[in-house]
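Handing you this structure, nothing more for now.
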Amino acid sequence: MMGKRVYFFGGKGGVGKTTLSSAFSLILAKTKKVLLISTDPAHSLSDLFGSEVGPEAKEVEENLWAVEIDPKKQIEVYIKGAIEAIEGSVSPEVFEQIKEMFHSVEHTPGVEEAAILDALSRIVLKGPFEAFVVDTAPTGHTLAMLRTAGRVGRWLEELIKRKSSAESFREKAGLGRLSRTLEILRERRERFSRFLEVVIRDSLFFPVLNPEKLSIVETERMVEEVTGMGIEITHLFVNKVMPKDVKGDFVERRRSQEKIYMNLIRERFGSFKIVTVEMRPRDVVGMEDLKELAKELEGKL
């Protein structure tokens, strides 16, 4: 399990993805140079580590760096790249119209996921890290991002076919080549193709859930879709489990309900190794708390 290149932590909002992915990163950092990446627009790595984490990779512990992908900035970069791919292949009048159209779709559903995916592919393929841990956005955004990976590849392939035909026609007609557009499209196709290969062949997806009904239902849907994409799942993290040594009438009632949900989790996700993480008396904040959690996780993986 520790020999993979990319590890995704996914699940419903508030289940503890950031905390567990950060603790897991510390385990990997014992033997590898690791980059922890947050793709969640509501970043919380800075709060967790107690030190500012931003859009540039920052070393937060020996062998461990962290970075928060800024969706707004990445949308700007993504649209700029798309515009550059078209510039020179159409008339100036049409190009201005296309630029306006691209800028008008900045808030269209799917654009944010495509931009984050573009940034993620560049980071993972560029290096110089040996392993990447991705603290993802809540389930819906993450699944949309992974679906986009496949669609972008097919879309680029179709654009390249059309562009190749157009350039071939122009060359035969003695009109010369259009622009760098084809070169840019091919570079993107190659990058996304290599990134998809990493995701499918050299990645693990770790679902994170709490012993609650809605969390279980959402995890079922996520597991089905992720495995359907060919991404491997080996472990499932059940976070915020009631501690065994806590007593009281209220606690016992909660524990009785939790037992039902834990049995359901074992029944529905029995093909994976289930790692349980007990609820703590206070929030995990700072490196010492994370190291303590990492030590607990390491003994269960």
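Looking at (1) under 20 Å from the mean Cα position of the chain (by Cα); (2) more than 27 Å from Asp118 (Cβ to Cβ); (3) among the basic types (Lys, Arg), can you tell me which one Lys247 breaks?
It fails just one condition, (1).
From the list Ile274, Ile231, exactly one residue is under 22 Å from the mean Cα position of the chain (by Cα) and more than 21 Å from Leu214 (Cα to Cα). Which is it?
Ile231
Turning to a different aspect of this structure: Of all residues in the range 24-48, which are surrounded by fewer than 17 Cβ atoms within 10 Å (Cβ to Cβ) and closer than 19 Å to Pro71 by Cα?
Within the range 24-48, Pro41, Ala42, Ser44, Ser46, Asp47 qualify.
Inspect all residues belonging to the range 52-69 and state whether any of them is of a type outside the set (Val, Ile, Thr) and under 16 Å from Val284 (Cα atoms).
no
Additional query: Given the condition surrounded by 18 or more Cβ atoms within 10 Å (Cβ to Cβ) and at pLDDT 75 or above, answer yes or no: does some residue in the range 145-162 qualify?
yes
Here is a follow-up. Quick one: which residue in Gly50, Gly14, Gly54 is among the small types (Gly, Ala, Ser) and in contact with a Gly (Cβ under 7 Å, 6 or more places away or on another chain)?
Going through Gly50, Gly14, Gly54 in turn, just one is among the small types (Gly, Ala, Ser) and in contact with a Gly (Cβ under 7 Å, 6 or more places away or on another chain): Gly50.
Okay, moving on. Restricting to the range 49-66, and then to whatever is closer than 14 Å to Ala294 by Cβ and without any contact (Cβ under 8 Å) to a residue 60 or more places away in the chain, can you tell me which residue is surrounded by the most Cβ atoms within 10 Å (Cβ to Cβ)?
Leu64
The values are calculated or read from the model by the stated rules, or taken from the named source; none is laboratory data. From a predicted model like this one, the values you see are computed outputs, not experimental measurements. Positions of Cβ are backbone-derived with ideal geometry, glycine not excepted, and every protein chain shown enters the neighbour counts.
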